[in-house]
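For reference, the structure discussed in these notes is given below.
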Amino acid sequence: MSLRPKRRVPAADDVHPDERWMASYLDMVTVLMCMFIVLFAMSTVDQEKFYALRSSLATGFGQTVSDVTDVSQGVIVPKELVHEDGEGFVADANTVLARAEVQDLTDLRDRLQGALVDRGLQDTVTFTIDSRGLNIRLVGGETFFTTNSTVLSAKAVSVLDTLGGILKSVPNELSVEGHADYRRSVAPFPTNWELSSGRATEVLRHLVEQGKVPGSRVKSVGYGSTRPVAKGTSDADLALNRRVDIVVLSGASEDVRNLIPQITGAAPAS
């Protein structure tokens, strides 16, 4: 009887588990690596955003960053400049806005002055900038009106046409304000109230009816003799008080407008 050979039992070291899964795993890792490399190559670093982020983080930790920040994207205010209630920052912001408003009004004044100079009319108008806006003062009542009359003179028409050609393109509201000196008015106006109001209305009508300024943003008012700019009784003082003012009203907030006299050095508007 022949003996069948016994099967050799493999040793533990000879056992080789199935490692085919490694190939699939390595393929997946390779694909992911390639994808991240492509994404990185396609991306660009926005340096402005990076520096803005760095500045914000530095400010938050109380550090000072001297890099220039694009103000169109916001201003990073150091914490030492801001009170706990935020009032310090608001005050600084209002000052910036007030300076910008003064610059806009100054630019408008320069345009109006230039147009008057071109026509030789610069001596008939004075300008002031205060908390109300740009005050265009028509100097001397008799330059624009005859005594006790609301009819515009030929020079007044020339001045208003010159001013109106520029004011019609300005979005601000306008206030046309008539004034009189302290002397009592005579016929046909019973008081200085009617005389000052009539002159202001005549200026308004010319600006609107000649197509210069939309009627929806202009108004007229008469103050009589209650708001003199000169306290004396000389002819020069009386002439200053017989006037019509065209006020280009500022569209800024009240807090911003109240800062305008500090910037211009003008007295607060009455």
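Rule-based calculations on the coordinates, nothing more; no lab input. Bear in mind the structure is a predicted one, so any value in this text is a computation, not a measurement. Every residue, glycine among them, receives a Cβ derived from its backbone with ideal geometry; neighbour counts consider all protein chains shown.
At R0 = 22 Å, how high is the FRET efficiency between THR126 and ASP161 if r is their beta carbon distance? Nearest 0.05 is fine.
0.75
Amide H of ASP181: which non-local residues (sequence gap of 5 or more, or other chain) have their own amide H closer than 5 Å, using H built in the peptide plane?
ARG242
Would you mind ranking TRP193, TRP21 so that the residue whose beta carbon has the fewest other beta carbons within 10 Å leads the list?
By the 10 Å Cβ count, ascending, the order reads TRP21, TRP193.
Test of understanding: ordering ASP118, ASP161 by Cβ neighbours within 10 Å, fewest first, what list do you get?
Least crowded to most crowded, the residues run ASP118, ASP161.
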